[in-house]
Amino acid sequence: MSTTEQTRTLPTGTWAADPVHSEIGFSIDYMAGTFRGTFSKFDATVGDGRLQGSAEVASVQVKDPNLEAHLQSPEFFDAERNPQLSFASKDVQYNGNEVTIDGEITIKGQTQPIVFTGTIVDPIADPFGNERFGLKLAGNLDRTRFGVTWNNPLPTGEPALSNEVELVAELQLVKSS
């Protein structure tokens, strides 16, 4: 019995993230747990086989307004000088519904390579006459490579905040008419 491998691509046409049904966020180990945040203002598009996206740094949301202000400060994202972070894919590989997206991410004016892995949900028709597909992605980066070096030592001398950050994107993308 032989199997035929199908070549997959991102869906053709132009697609934009549905902001109501999509989320972009991050998590980082902090002291004895995990600290999480999201961006409420972002965009993500797929076209010509590429994924692109950006998020407004000032839209970072965490559970405390004081922490939101600290994350927007020069010690972290420096929202005043760098109002957006962005991503652009370079290559997309598939293994069934699993996807690996190589690209570049820009944070605080520094551009570095990043790899996102996850799953793709093939296009479907929704109850409102739209066509949409899904991407669920995660990737890791070292925040210090972007000049984000703030930390606070624990009494043991160890850093309270990890250097490794996980970025996550759960996207429902709607085909443009």
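Any read-out appearing in this document is the output of simple, stated calculations on the displayed coordinates, not a laboratory observation. Not measured: the values here are computed from a predicted model. Cβ atoms come from the backbone with ideal geometry, glycine included; neighbour counts cover every protein chain shown.
Counting beta carbons within 10 Å around each of Ser27, Ser54 and listing the fewest first gives the order Ser27, Ser54. Compare the Cα positions of Val46, Ile101, Ser59 along the charge dipole of the chain (+1 at Cβ of Lys, Arg; -1 at Cβ of Asp, Glu; about the Cα centre) and return the one farthest towards the positive end. Going by the charge dipole, the pick is Val46.
Across all C-alpha atoms in segment 89-138, the radius of gyration and Dmax reach 13.9, 42 Å.
Over the C-alpha atoms of segment 51-123, the Rg to Rh ratio, Rh being the Kirkwood estimate, stands at 1.09. Normalised by residue count, segment 15-175 yields a Cα convex hull volume of 125 Å³ per residue. What you get for the chain, charging only the Cβ of Lys and Arg (+1) and of Asp and Glu (-1), is a dipole of about 160 debye around the Cα centre. Computed over segment 1-110, the P(r) tail beyond 18 angstrom holds 60 percent of alpha carbon pairs. Near Ser162: Cβ cut-off under 11 Å, other residues only, Lys/Arg at +1 and Asp/Glu at -1. The net charge is -4.
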